[in-house]
């Protein structure tokens, strides 16, 4: 190892400093190190505080609205009806649609980037995907609203603002997460596995399909889970393009061509108008609790899986 | 079909699907640029909105977003870098460390609208900051923490252990070693994380909806306890809440927001690439 300029710039001290100066410096270091430890611990405190504040503001909803009503099928806050089912169904439909689109696309793109693309292409493509991760959700929602919705309407829907429009936008928002984590999972498969398969005469595709993908299975599962977590919590884009109809979507072939309203969009759309401290206000916080619990669960399980598989080290960020 | 044919077919299909992923990204950006470029000029950037926001510029919203990004930095930097140093340099393999890691993973997964609810409950109402820049910056700052922590930790861990060993063996204390020999080398990586995080915060709408963003303000905010307009919320307002809005204003606002956020993302990527090339170990 060669000495760097930074190292040679600090010569060892020729004589020990006076005891007072040294002890005051030690004290200063203690303070700094305590602050650093505090910063670490603060993350745990913050998660706890977020949960506590959500609970605090939603207590009234959980105490005063009967559980049977919360599980009900009608969300009409003006009439005092707070049934979560239409909102949960809306989130579910949009998220399932997004996952069905994003998982194959993301996984296949990861295979392309990791196994097939020459390095020169990869250097161009990866930044483009990072750009996708960087586009603000409101801008994607805006483009979905002015450009995508008219296209969806031509599919035969009465309006372009449907679950499908939301799923399409959400799929692209979840793609960077899915691609980067699956690519890490593929990358973590030892080269010896590939060499072994190729050496006994498998084609590259057989190697990918029969050896690499099964070996990367747990990492891919994590990618899908975190993609779902990303999709279920997205707010602005979904609110702009899904039509905001708080009805349970009718099952059938037209399932994805109906307007729906997600949990996130309901909070964003209604919190601005409610009276603080009212039952409606408290119920919106209760939706927040549901969202917190869902995403916490997904991330907790994914985190455990990462720990267990020793799989991808880099987390959701590209 | 022979094995070779199925291989060729599979590779073609995979390539086609990848094109399907990449092309819409370029289309979205091209679409916003092509429609917005005609509106964006110096007047648009420096004038306040007029005629019920249907004319004029976006100056107060742009300024508000920059102020919020600065506020976010003030909140997130000390805690984020501190936590990263803790995880990379001090934390042992114990229950505490695992709890911190779990917390960071979960912070990264909490939906942005839930951060908005937390900011409303904790900063706007409980701490009585009201709908204000402080409340918004605190909310965005906490939301940005996981990005800053994970990138900074990775950068600190990438500094080779020999640097630490040599410094410690010359009699430096642990903190002196970190301060003079680890952090300077990790700086580009830390910077990447900060810029990425702030870019994301600048583009967020949901966390500022109830904590700081104003529909329209005739004057600029005068203190950090005032509301401010912000670019993402402004785009939301003029594209869905104001009837008869000229499309040009919407495209122009979308373009400015997109350029602001993407320039931050891209510069972060550039710093990281240059750092990888120049790395001397």
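The values are calculated or read from the model by the stated rules, or taken from the named source; none is laboratory data. What you see is a predicted model; the values in this text were computed from it and never measured. Here Cβ is always computed from backbone atoms with ideal geometry, including for glycine, and neighbour counts include all displayed protein chains.
Please state which one of B:262, B:247 is surrounded by 19 or more Cβ atoms within 10 Å (Cβ to Cβ), farther than 23 Å from residue B:114 by Cα and at the interface with chain A (Cβ under 10 Å from one of its Cβ atoms).
Only one candidate passes the filter, namely B:262.
Among what's in region B:119-128 and is within 8 Å of another protein chain (Cβ to nearest Cβ) and free of Cβ contacts under 8 Å to residues at least 24 places away in the same chain, pick the residue that is nearest to residue A:263 (Cα to Cα).
If we take residues in region B:119-128 being within 8 Å of another protein chain (Cβ to nearest Cβ) and free of Cβ contacts under 8 Å to residues at least 24 places away in the same chain, then B:121 is nearest to residue A:263 (Cα to Cα).
Please determine whether any residue of region A:87-107 is in a helix (DSSP H, G or I), over 22 Å from residue A:248 (Cβ atoms) and without any contact (Cβ under 8 Å) to a residue 60 or more places away in the chain.
Taking every residue of region A:87-107 in turn, at least one turns out to be in a helix (DSSP H, G or I), over 22 Å from residue A:248 (Cβ atoms) and without any contact (Cβ under 8 Å) to a residue 60 or more places away in the chain.
Would you point out the residue of region A:124-157, among those that are touching a residue at least 24 places away in the same chain (Cβ under 8 Å) and either in a loop (DSSP other than H, G, I, E, B) or in contact with a strand residue (DSSP E or B) (Cβ under 7 Å, 6 or more places away or on another chain) (or both), that is nearest to the other protein chains (Cβ to nearest Cβ)?
Among residues in region A:124-157 that are touching a residue at least 24 places away in the same chain (Cβ under 8 Å) and either in a loop (DSSP other than H, G, I, E, B) or in contact with a strand residue (DSSP E or B) (Cβ under 7 Å, 6 or more places away or on another chain) (or both), the one nearest to the other protein chains (Cβ to nearest Cβ) is A:155.
When only residues in region A:198-225 that are crowded, with 19+ Cβ neighbours inside 10 Å and more than 12 Å from chain B (Cβ to nearest Cβ) count, which is nearest to residue A:93 (Cα to Cα)?
A:224
Which of the residues spanning region A:158-183 are within 22 Å of the chain's Cα centre (by Cα) and part of a loop (DSSP other than H, G, I, E, B)?
If the condition is that a residue be within 22 Å of the chain's Cα centre (by Cα) and part of a loop (DSSP other than H, G, I, E, B), then A:162 is the only one that fits.
So residue A:82 clears everything in (1) more than 9 Å from chain B (Cβ to nearest Cβ); (2) surrounded by fewer than 14 Cβ atoms within 10 Å (Cβ to Cβ) except one condition, right? Which one?
(2)
Is it the case, given these coordinates, that residue B:53 is buried (at least 16 other Cβ atoms within 10 Å of the Cβ), at pLDDT 90 or above and closer than 19 Å to residue B:230 by Cα?
No: the conditions fail for residue B:53.
Count, please, the residues in region B:88-126 that happen to be in contact with a helix residue (DSSP H, G or I) (Cβ under 8 Å, 6 or more places away or on another chain) and assigned to a loop (DSSP other than H, G, I, E, B).
Residues in region B:88-126 being in contact with a helix residue (DSSP H, G or I) (Cβ under 8 Å, 6 or more places away or on another chain) and assigned to a loop (DSSP other than H, G, I, E, B): 3 in total.
Please enumerate the residues belonging to region B:129-159 that are at the interface with chain A (Cβ under 7 Å from one of its Cβ atoms) and within 26 Å of residue B:220 (Cα to Cα).
B:142
Restricting attention to region B:214-235, which residues are within 10 Å of chain A (Cβ to nearest Cβ), surrounded by 24 or more Cβ atoms within 10 Å (Cβ to Cβ) and out of contact with any strand residue (DSSP E or B) (no Cβ under 7 Å at 6 or more places or on another chain)?
B:231, B:232, B:234, B:235 - these are the residues of region B:214-235 that are within 10 Å of chain A (Cβ to nearest Cβ), surrounded by 24 or more Cβ atoms within 10 Å (Cβ to Cβ) and out of contact with any strand residue (DSSP E or B) (no Cβ under 7 Å at 6 or more places or on another chain).
Filter region B:117-172 for residues that are buried (at least 24 other Cβ atoms within 10 Å of the Cβ) and farther than 30 Å from residue A:287 by Cβ and give the result.
Within region B:117-172, B:151, B:152, B:153, B:155 qualify.
Checking residue B:125 against (1) under 20 Å from the mean Cα position of the chain (by Cα); (2) farther than 23 Å from residue B:191 by Cα, which single condition isn't satisfied?
(1)
Could you tell me whether residue A:114 is in contact (Cβ under 8 Å) with a residue 60 or more places away in the chain and crowded, with 22+ Cβ neighbours inside 10 Å?
The answer is no for residue A:114.
For residue A:201, only one of the following conditions fails: (1) closer than 30 Å to residue A:139 by Cβ; (2) out of contact with any helix residue (DSSP H, G or I) (no Cβ under 7 Å at 6 or more places or on another chain); (3) not in a helix (DSSP H, G or I). What is its number?
Single failed check for residue A:201: (1).
Restricting to region B:160-201, name every residue that is under 30 Å from residue B:61 (Cα atoms) and within 8 Å of chain A (Cβ to nearest Cβ).
B:196, B:199, B:200
Does region B:56-74 hold any residues that are more than 11 Å from chain A (Cβ to nearest Cβ), in contact with a helix residue (DSSP H, G or I) (Cβ under 8 Å, 6 or more places away or on another chain), surrounded by 20 or more Cβ atoms within 10 Å (Cβ to Cβ) and in contact (Cβ under 8 Å) with a residue 24 or more places away in the chain, and which are they?
B:58, B:61, B:62, B:64, B:68, B:69, B:71, B:72, B:73 - these are the residues of region B:56-74 that are more than 11 Å from chain A (Cβ to nearest Cβ), in contact with a helix residue (DSSP H, G or I) (Cβ under 8 Å, 6 or more places away or on another chain), surrounded by 20 or more Cβ atoms within 10 Å (Cβ to Cβ) and in contact (Cβ under 8 Å) with a residue 24 or more places away in the chain.
Take the residues in region A:18-74 that are under 18 Å from residue B:174 (Cα atoms) and either facing another protein chain (nearest Cβ under 7 Å) or in contact with a strand residue (DSSP E or B) (Cβ under 6 Å, 6 or more places away or on another chain) (or both); name whichever of them is surrounded by the most Cβ atoms within 10 Å (Cβ to Cβ).
Across region A:18-74, the extreme among qualifying residues is A:40.
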